[in-house]
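Undergrad: Dropping a structure here in structure tokens format, bear with me for questions.
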Amino acid sequence: MERKNAWLSYDAKQKKALTTLGEEYRKFLSLGKTERECVDLAVEEAQKAGYISLEEARAKGKLKAGDKVYATIMGKSMALFTIGKEPLEKGMNILGAHIDSPRLDLKQNPLYEDTDQVLLDTHYYGGIKKYQWVALPLALHGVVAKKDGSVVKVCIGEDPADPVVGITDLLPHLAGNQMNKPAGKIVEGEDLNVLIGSEKVAEDKPKKAGEDSKASVLKNIKDILKEQYNIEEEDFISAEIEVVPAGPARDFGLDRSMIMGYGHDDRICAYTSLVAMLNVKKPQRTSCCLLVDKEEIGSVGATGMHSLFFENTVAEIMALCGEGSDLALRRALAASRMLSSDVSAAFDPNYPGVNEKKNTAYMGRGLVFNKYTGSRGKGGSNDCSAEYMAYVRRVMDEAGVFWQTAELGKVDEGGGGTIAYIAGNYGMNVVDAGIAVLSMHAPWELASKADIYEAVKGYEAFLKAE
Ligand code: MN
Ligand code: MN
């Protein structure tokens, strides 16, 4: 039952294709560090590939087989469709992945000065080990929405000429007490304050001769924010600025077999799903690719998988295809098949104890299928049906895709969830399928180029299946 390592099978041509794909993915990952940036990049790629927006499709008034449409919501989630030859009522082939990643978000009132330093207060997003976010270069990505309706995009710390920001850590010499704390307490959430300035400037001229003028670091930082980024302090109230690791994704390993980057979870599945989606031109069944927000905090809100955005968009698409009834919509959703694509924990020889070796994902062995996720007795899991697993095995084997099956850790070691169970609510067949990642949820995660290559192959085969 041991699954084969994909690297052994590659000829020179495949290795070249895999390297090119890896380079393209590195670019995507380096530019797409927030859900908004990922949507922007995906829209750009989709438009290049001939996709039109839902608004444009509505203006046209009709959709037919082969047509390509995308819809977005609040710039943070996206759905792409390629209309199939069969009516939608017969079901779609859906790829779903999430584009939000763990990070630190600025609070609404973040800016303050303490002892000649100016800092930004944060509230972390998703499951992080807080101690990993100190003493490394960080960047600020996001938007500031102004009262006049304009939106300022912010990206500071990525251009090599940019400054970076960051969170300080205690020197070992004085960390005796800190090092005796449990790891969850070494650095506490409230202490994740981002240092952004230290130059003190005079605030105004002294009122009387011989008196010192008032001086602060904050004044200078506020001036910089205003002059360079058109941001007033009060604008932080209506901003979404994410503090993320600064710098590009890199080739990893002397053999360059891996990629290190911020946000593999889950942009690695989002990117490979998107590539597959754009590669499949005239499918029999309607193809759909969902790139959703808020998975890391429970798929909540208007832009998470629990939102009606997906269902509403399918209703719009079906109406434009002349299948406008509610019953047809219900049937389409129930008859659909989905790969809920999210990263898996790759086996790590440094920490073998958390896995059960037979049911673990390994880097380089291809796309990972998790029949179930969850924790403590499969709690919260989708647990797809045996029949659907058999179907997926057949599709993958017929396309020569390297794939493996896994659980997230050994029984009662921990666990996690994905968007699978939410799509499952429609009565559709859905299984978790993703890429194995090392150091998941750390500022810099690792994945294998072979697995990225196999994922695109697998996702394409799934979309093409009749
Ligand atoms: Mn994930
Ligand atoms: Mn995650």
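Computed from the coordinates by the stated procedures, all read-outs in this text should not be read as laboratory data. Treat the numbers as computed from the prediction; the structure is a model and nothing was measured. Cβ coordinates were reconstructed from backbone atoms using ideal geometry, including for glycine residues, and neighbour counts include every protein chain displayed.
Undergrad: Let me know the charge dipole size of the chain about its Cα centre in debye, to the nearest 20, where only the beta-carbon of Lys, Arg (+1) and Asp, Glu (-1) is charged. If you can, show how the numbers build up before the last one.
TA: Details: 57 positive and 68 negative charges, 339 e Å.
Using only the charged Cβ atoms, the result is roughly 1620 debye.
Undergrad: Extension gain Lys181-Ala59, at 0.36 nm per residue separation less the Cα-Cα distance, in nm? If you can, show how the numbers build up before the last one.
TA: Details: separation 122, 0.36 × 122 = 43.92 nm, distance 6.11 nm.
Value of the extension gain: 37.8 nm.
Undergrad: Could you tell me which helices of the chain pass both thresholds, a Cα extent of 15 Å or more along their own axis and a mean Kyte-Doolittle hydropathy of at least -1.0, with helices taken as whole DSSP H runs? Numbers along the way, then the final one.
TA: Details: long enough: 12-31 (29 Å, -0.64); 35-48 (20 Å, -0.79); 217-229 (17 Å, -0.48); 264-279 (22 Å, 0.21); 309-320 (17 Å, 1.03); 386-398 (18 Å, -0.48); 449-464 (23 Å, -0.28).
Those that pass (Cα extent of 15 Å or more, hydropathy at least -1.0) are 12-31, 35-48, 217-229, 264-279, 309-320, 386-398, 449-464.
Undergrad: For each pair in Lys90/Lys449; Lys357/Lys378; Lys4/Lys357; Lys68/Lys457, compute the distance between the two Cα atoms and list the pairs where it is over 26 Å. The partial results should precede the final answer.
TA: Details: Lys90/Lys449 35 Å; Lys357/Lys378 18 Å; Lys4/Lys357 14 Å; Lys68/Lys457 21 Å.
Distance filter (> 26 Å) returns Lys90/Lys449.
Undergrad: Suppose only helical runs count, i.e. DSSP H with n ≥ 4. What mean residue ellipticity at 222 nm does that imply for the chain under -39500 (n - 2.57) per run, divided by all residues and rounded to the nearest 500 deg cm²/dmol?
TA: The helix contribution divided over the chain gives -8500 deg cm²/dmol.
Undergrad: Which residue, Gly84, Val314, Gly380, has the largest displacement toward the positive end of the dipole of the chain when charges sit on each Cβ (Lys, Arg +1; Asp, Glu -1)?
TA: Toward the positive end, the furthest listed residue is Gly84.
Undergrad: For a quick protection proxy, order the peptides 320-330, 52-62 by their average other-Cβ count within 10 Å, most packed first. Don't jump to the answer; show the numbers that get you there.
TA: Numbers: 320-330: 15.3, 52-62: 13.5.
Peptide ranking by packing, descending: 320-330, 52-62.
Undergrad: Report the label-to-label distance for Tyr124 and Ala390 in nanometres (one decimal), using points 7 Å from each Cα along the Cα→Cβ vector.
TA: 4.5
Undergrad: Still on this structure: Mind checking which aspartates and glutamates have their C-alpha under 14 Å from Lys15, skipping anything on the same chain fewer than 8 residues away?
TA: Straight-line reach from Lys15, under 14 Å: Glu23, Asp255, Asp451, Glu454.
Undergrad: With each label point set 7 Å from Cα along the Cα-Cβ vector, what nm distance links Tyr351 and Glu44?
TA: Result: 3.4 nm between the two label points.
Undergrad: Then there's this: Can you spot the lysines whose alpha carbon is less than 16 Å from Lys129's alpha carbon? Ignore those fewer than 8 places along the same chain.
TA: Lys181, Lys185
Undergrad: Put a dot 7 Å past each Cα toward the Cβ at Leu8 and Lys208; how far apart are the dots in nm?
TA: Taking the two extended label points, one gets 8.8 nm.
Undergrad: May I ask which residue of Leu333, Gly184, Val154 lies farthest towards the positive end of the charge dipole of the chain, with charges of +1 (Lys, Arg) and -1 (Asp, Glu) on Cβ and the Cα centre as origin?
TA: The listed residue farthest towards the positive side: Leu333.
Undergrad: Follow-up. At 0.36 nm per residue, minus the direct Cα-Cα distance, what do Lys282 and Thr168 gain on full extension? Give it in nm, one decimal, please. Intermediate values should be presented prior to the final figure.
TA: Numbers: separation 114, 0.36 × 114 = 41.04 nm, distance 5.29 nm.
Value of the extension gain: 35.7 nm.
Undergrad: Let me check against my output: what whole-number percent is the relative contact order of the chain, with C-alpha pairs under 8 Å and at least 6 apart?
TA: Working: 1036 pairs, mean separation 106.8, N = 466.
The normalised contact order for the chain reaches 23 percent.
Undergrad: Can you grab the distance from the C-alpha centre of segment 188-211 to the C-alpha centre of segment 341-397, Å, no decimals?
TA: Between the Cα centre of segment 188-211 and that of segment 341-397, the gap is 52 Å.
Undergrad: Report the extension gain between Asp148 and Asp412 in nm, rounded to one decimal, defined as 0.36 nm multiplied by the number of residues separating them, less their alpha carbon distance. All intermediate terms of the calculation are to be shown ahead of the outcome.
TA: Details: separation 264, 0.36 × 264 = 95.04 nm, distance 5.20 nm.
Going from the current span to full extension adds 89.8 nm.
Undergrad: I want the local charge near Leu18. Using Cβ-Cβ distances under 13 Å, sum +1 for each Lys or Arg and -1 for each Asp or Glu among the other residues.
TA: Details: positive: Lys13, Lys15, Lys16, Arg26, Arg256, Lys449, Lys457; negative: Asp11, Glu23, Glu24, Asp251, Asp255, Asp451, Glu454.
With Lys, Arg at +1 and Asp, Glu at -1, the net is 0.
Undergrad: If you build the convex hull over the alpha carbons only and average its shadow over all orientations, what do you get for segment 54-197? Give it in nm² to one decimal. The partial results should precede the final answer.
TA: Working: hull surface 58.9 nm².
That works out to 14.7 nm², a quarter of the Cα hull's surface.
Undergrad: Moving on to the next point. Provide the packing ranking of 261-269, 71-79, 195-203, 167-175, i.e. peptides ordered by the mean count of other C-beta atoms within 10 Å per residue, highest first.
TA: Numbers: 261-269: 28.2, 71-79: 21.7, 195-203: 14.9, 167-175: 12.0.
The most tightly packed comes first, giving 261-269, 71-79, 195-203, 167-175.
Undergrad: Would you work out the relative contact order for segment 103-245, in percent, from Cα pairs under 8 angstrom that are 6 or more residues apart? List each step's numbers first, then the result.
TA: Details: 259 pairs, mean separation 51.7, N = 143.
Value for segment 103-245: 36 percent.
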